[in-house]
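Each value in this text was obtained by applying a stated rule to the coordinates, not by laboratory testing. Because the structure is predicted, anything quoted here is derived from the model rather than measured. When we count neighbours, we look across all protein chains shown, and the Cβ atoms used for this are built from the backbone with ideal geometry, even at glycine.
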Amino acid sequence: MQELSARDITVLFLSLGILLGAARLMGELAQRLRQPAVLGELLAGVLLGPTVLGTVAPELNAFLFPAEGPSAVALKAIATLAIALYLMVAGIEVDLSTIWRQGRIGAKIGLASVAIPFACGLAAAWLAPMALGRRPEADGLVFMLFLAVALSISALPVIAKTLMDMDLYRSDLGMVVVSAAILNDLVGWIIFAVLLGLLGHGEGNGIVLTITLALAFSAVMLTVGRWLIHKALPYVQAYTRWPAGELSFAIILALLGAAFAAWIGIHAIFGAFLVGAALGDSVHLRERTRVTIEHFISSIFAPLFFAGIGLHVNFRAHFDGLLVLKVLALTVACKLAGGYLGARWGRMPAREAWAVGFAMVSVGAMGIIVGLIALQAGIIGQRLFVALVIMAMATAMLSGPALRLILKPARKWAPRDALSAKLFLRHLKFCTRREALEEMVHAACTVAGLDPQRILTEVWSREETLSTGIGNGIALPHARVAGLREPILTVGICDGGIDFDAPDGQPAHILFLILTPADDPRAQLTMAAEIARLFRKQAVLDRALRTRSFTDFLALMSTSTESDPIR
């Protein structure tokens, strides 16, 4: 039996560290640009793989990411574990009760958004298989089913995140879209499990037996298994240390589900997905545990998997522009039609139906996973896989802007969006109210190119009408400025405090000067409410006064926004 040598271990940890570092960096950059993190993670793999690094420095690429040997096997094993755990997280997001709560409308949209693209995929693969990248040796029926699944599946995480960013997640429209996407994913993955069964990779199982076992496994996990997990969770929480017991319970079940799925002849990820769906539907699963699992896997395992895709495919050599356009046009047309017609079937207004259609267009990471499995199984070649990856990313990027264009929601401004190093005054030179405001206004006007005197007059006029000290050491002077396009937030800190006539009688130590566009009345209210919520605890104010740089203050704002407990 071949073992990992000291050199193999060195290369393995070095490659993992570089791959994860690059994936996280590029993922963060993608999110800053309001794009899915997976886009940046994939790009990191493209840069480190044969497409870029393999062309510029082939020896370094071969050293860090060998195609054969113990290190390559270990990397592949880690990638398999990573995607199984990622699908468990995707399953946890499948709230089965949401489908029932939304009733017929969500069900109609979900079914139509699967059936119409599925039928389109079957027809296209039957009429023009070679034009769509089918390998000559691939089975025709299997290829047709694969393309149908690839076109019909949706990216639930991307859809949910887009709705959250637009403050639509808890709306009636948002809940209908989410319920439809949940049903879409559930049906899509069950069909894909049947497709995997047709490949006949079971350990001694026939195709019929494999498909039967896959369907039976789905039915059991979503009924009896779901009930057993629901009953077991309170015992896990009562008799194990939290959160270790609950986290271990979830991951152990996912691994066992993955093992059973692999044994019956379908991919391990399907078992992990079903376990996640059964686990996530229990009201006993704590929200903090759910978030911890999602953050841990999405921050470590998912970036490794998606970046790893770029290590094995040369996107430059296998890029076919015409094939990309065919796949992208087919996907967008079919999925848009499925979502729109399903919404109209459910008697939704035309405008909302178009919004539903574009929301359901997103294929995202789920489409990439389906494509990768098909590539590994020999159903498709690298040309079609590259086209599918580009299609999946393009559709994920399309949904958000299209929804904003159709619905035109008011943008929700967050304080963090308007912060900058030039507008952070750690030590105010003056500690009287008028002089401090004058100093902060001057800094804001220098950055924005505004008239300091005019802005100071407006800010001071508002201050004289009613003091903006809100208590707990915070003051929120503000003004709405004609011609301003985006909010400007200036932060000034005075350790000694400034009298802002606050309700609690305490001096203000941190001043937030909020300048917002005159035609956007919500911006000022939103930012003021968020700052007040954030600094309602004395612990946050104390930590803010201990900051010594803009980076420290920005880190405080970011971490305090994401979690209430401050220690």
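Points to keep in mind about this one:
- Cα-centre dipole for the stretch 415-562 with unit charges at Cβ (Lys and Arg positive, Asp and Glu negative), debye to 20: 340
- Ranked packing of 296-309, 500-513, 223-236, most packed first, by mean Cβ within 10 Å: 296-309, 500-513, 223-236
- Kirkwood-based Rg to Rh ratio, the stretch 410-486, C-alpha trace: 0.94
- Annotation: for a label point projected 7 angstrom from Cα along Cα→Cβ of Asp451, residues of the stretch 472-487 with backbone N closer than 20 Å are 478-486.
- What the Kirkwood sum gives for the stretch 70-407 is a hydrodynamic radius of 20.2 Å, with every pair of different alpha carbons counted.
- Alpha carbon centroid spacing (whole Å) that separates the stretch 43-96 from the stretch 260-326: 12
- Considering only Cα atoms, the convex hull volume of the stretch 415-562 works out to 99 Å³ per residue.
- With Cα atoms, 0 to 90° folded angle of helix 207-220 axis to the chain main axis: 40
- Full extension of the segment from Arg416 to Arg135, taken as 0.36 nm per residue of separation minus the current Cα-Cα distance, would add 96.2 nm.
- Relative contact order of the chain, defined on C-alpha pairs under 8 angstrom at six or more residues apart (%): 16
- Cα gyration tensor shape for the stretch 1-80, rounded if a/c is under 1.5, else prolate or oblate: prolate
- The length gained by stretching the chain between Leu60 and Arg288 to full extension, at 0.36 nm per residue less their Cα-Cα distance, is 77.9 nm.
- Ordering Trp354, Trp263 from the fewest to the most neighbouring beta carbons within 10 Å gives Trp263, Trp354.
- For the stretch 451-503, convex hull of alpha carbons as volume per residue, Å³: 96
- Note: relative contact order over the stretch 70-407, using C-alpha pairs below 8 Å and six or more positions apart, is 30 percent.
- When the convex hull of its Cα atoms is projected in every direction, mean area for the stretch 311-438 (nm²): 14.1
- This structure gives Cα extents along the principal axes in Å, computed directly, and of [x] 77, 65, 52; [y] 99, 87, 43; [z] 82, 64, 56 that value is listed as [z].
- For the stretch 475-555, the list of trypsin sites (Lys or Arg not before Pro) that fall in a loop by DSSP and count at most 16 other C-beta atoms within 10 angstrom reads Arg485, Arg536, Lys537, Arg546, Arg548.
- In this structure, the amide hydrogen of Ala508, modeled 1.01 Å from its nitrogen in the peptide plane, lies closer than 5 angstrom to those of Ile498, Asp499, Phe500, counting only residues at least 5 positions away or on a different chain.
- Given R0 = 60 Å, the distance between the Cβ atoms of Arg404 and Arg7 translates into a calculated FRET efficiency of 0.70.
- Across the stretch 415-562, the relative contact order, built from alpha-carbon pairs under 8 Å that are at least six residues apart, equals 26 percent.
- The spacing between the stretch 473-545 and the stretch 219-258, judged by their C-alpha centroids, is 45 Å.
- Under a model in which nothing but the beta-carbon of Lys, Arg (+1) and Asp, Glu (-1) is charged, the chain shows a dipole of about 780 debye around its Cα centre.
- Of the residues Phe385, Pro58, Ala77, the one whose Cα sits farthest towards the positive end of the charge dipole of the chain is Phe385 (charges of +1 on Lys and Arg Cβ, -1 on Asp and Glu Cβ, taken about the Cα centre).
- Candidate cross-link partners of Lys76 among the aspartates and glutamates, defined by an alpha-carbon separation under 15 Å and a same-chain spacing of 8 or more, comprise Asp8, Glu68.
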